[in-house]
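Derivation of every value follows stated rules applied to the coordinates shown; laboratory data play no part. The shown structure was predicted, so the numbers you read here are calculated from the model rather than taken from an experiment. Because the Cβ atoms are built from the backbone with ideal geometry, glycine has one as well, and the counts that use them run over all protein chains shown.
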Amino acid sequence: MTSAIAVTGIGLVTPGGIGAEATWKAVCNGRSTAHTDPELQGLPVDFSCRVPGFGAEALPGTHQLWRYDRSTQLLLAAATEAVRSARLDPTDWDPARIALVVGSAAGGISTLETQHRRLLDHGAQSLSPLTLTGYLPNMAAGHLTLALGITGPALQTSTACSSGASAIITASLLIDAGLCDIALAAGCDAMTTPLCAAAFAKMGALSRRTDDPAHASRPFDRHRDGFVLGEGAAVLILERTGHAAARQAPPRAHLVGHATTSDAHHATTPHPEGLGLRRAILQTLRAADATTADVDHINAHGTSTLLNDQTEAAVIRALFTSRTPSVTSAKGVLGHSMGAAGAIEAGLTIASLEHQTAPPTANFTEPDETTDGLDLVTGQVRPQNLRLALSHSLGFGGHNTVLALASGP
């Protein structure tokens, strides 16, 4: 059985807004944040979900945002909120006993694209000396350790779209191993770039509803045709329950189980029977000393792609036979924030537990055989007695990650 880890702070920066409360309200509102994106003009898919109104005001005290890739900017803002909400003060903590794990699928990809264009158009002398510190995947964690003075372990996880969830698992393992007292577990990505948009479109992963972006991301709907690129960051503060109690920090929720598996099936296509996800769910429940009958709610990966939604729904139907949990996907509102998604959705799952509410799956209008037997939350929020919830995250490469979260305190 996994020892319960307290989640004492959450910070979210998403297309739903800057801050956990703004994001929660947007997801509960059930309206997509997708719009035509000027940076993607002329591409086969020219819309995305971007964080609205993000600038220097989101990072008080930071006056040189240009030094950081956009994904790192989003991470710094989310960390500021998370630390504050956990009642932590970096000037008071022992920096050697603080750990940081950041999950990202692409690192500072925007910086890489921008500087590569400069190299091709204007030559080597045009490159910024900050190219590598903006692009290298580890530098989001590096910049955050500098900002907060963290001298404990600082790690990077990259498991595609499950990277943020992998970061949460890794952070909890650092706590269990006694290597830190507090861990910041994060996910960040800003892959709303021309290269990423063109590449995902080329492989057929993106919705082509260029005439109607607001209804493009439609998880589990009969007419889904692909996901919508998004961006964002999330930071969760994890600590041992005894440590949180000693500093009188009330848990927002508890991480009571987790698991990660690999499909070993295909580079991008999920296993047709969802065997890896199935094993991850069952391992997570064993770690949580729970059964499928104990699960009240599932925050699904729910990408709005044909195969992911079909496979994920089939696994849920097959496993949850004695009691059917409610199911929702936030990607209809927020789009797919790639490596940040697992951490963002873990934060939203905790919000569901706190508010005893399951938010709706946006843009769901017509079921098909995929949703038969699924208790999908649609239309509006659903008040519900929630004690134990799962958050699923899947990624290219056959990664399957599942978190079990229980209501606090």
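Most simply put, the chain has about 65% antiparallel DSSP beta bridges, counting only bridges with both residues inside it. Across every pair of non-identical alpha carbons in the stretch 256-407, the mean reciprocal distance, once inverted, gives a Kirkwood radius of 15.1 Å. Ranked by how many other Cβ atoms sit within 10 Å of their own Cβ, fewest first, the residues 113, 345 fall in the order 113, 345.
Exposure proxy for 102, 7, 13, 315: other Cβ atoms within 10 Å of each Cβ, ordered fewest to most, give 315, 7, 13, 102. Here the spin labels are modelled as points 7 Å beyond Cα on the Cα-Cβ line, and at residue 372 and residue 211 they lie 3.2 nm apart.
In whole angstrom, how long is each semi-axis of the equivalent ellipsoid of the stretch 1-146, when you take the square root of 5 times every eigenvalue of its Cα gyration tensor and sort them from largest down? Numbers along the way, then the final one.
Values: eigenvalues 170, 103, 39 Å².
For the stretch 1-146, the ellipsoid semi-axes come out as 29, 23, 14 Å.
Counting Lys and Arg as +1 and Asp and Glu as -1 over every other residue whose Cβ lies under 14 Å from the Cβ of residue 50, the net charge comes to -4. Highest mean first, the peptides 87-95, 23-31 sorted by other C-beta atoms within 10 Å per residue fall in the order 23-31, 87-95. What the Cβ-Cβ distance of residue 223 and residue 138 gives, at R0 = 45 Å and to the nearest 0.05, is a FRET efficiency of 0.65. Rounded to the nearest whole angstrom, the semi-axes of the ellipsoid equivalent to the chain, taken from the Cα gyration tensor as √(5λ), stand at 29, 28, 18, largest first. By the beta-carbon count within 10 Å of each Cβ, the least crowded to most crowded order of 203, 139, fewest first, is 203, 139.
Looking at the stretch 256-407, the DSSP beta bridges with both ends there are about 65 percent antiparallel.
For a quick protection proxy, order the peptides 186-197, 332-343, 122-133 by their average other-Cβ count within 10 Å, most packed first. Provide the component values of the computation, followed by the final result.
Details: 186-197: 27.8, 332-343: 33.7, 122-133: 12.1.
So the order, starting with the most tightly packed, is 332-343, 186-197, 122-133.
Taking each DSSP H run with n ≥ 4 as -39500 (n - 2.57) and averaging over every residue of the chain yields -9500 deg cm²/dmol at 222 nm. The H on the amide N of residue 156, modeled in the peptide plane, is under 5 Å from the matching H of 102, each at least 5 residues off or on a different chain.
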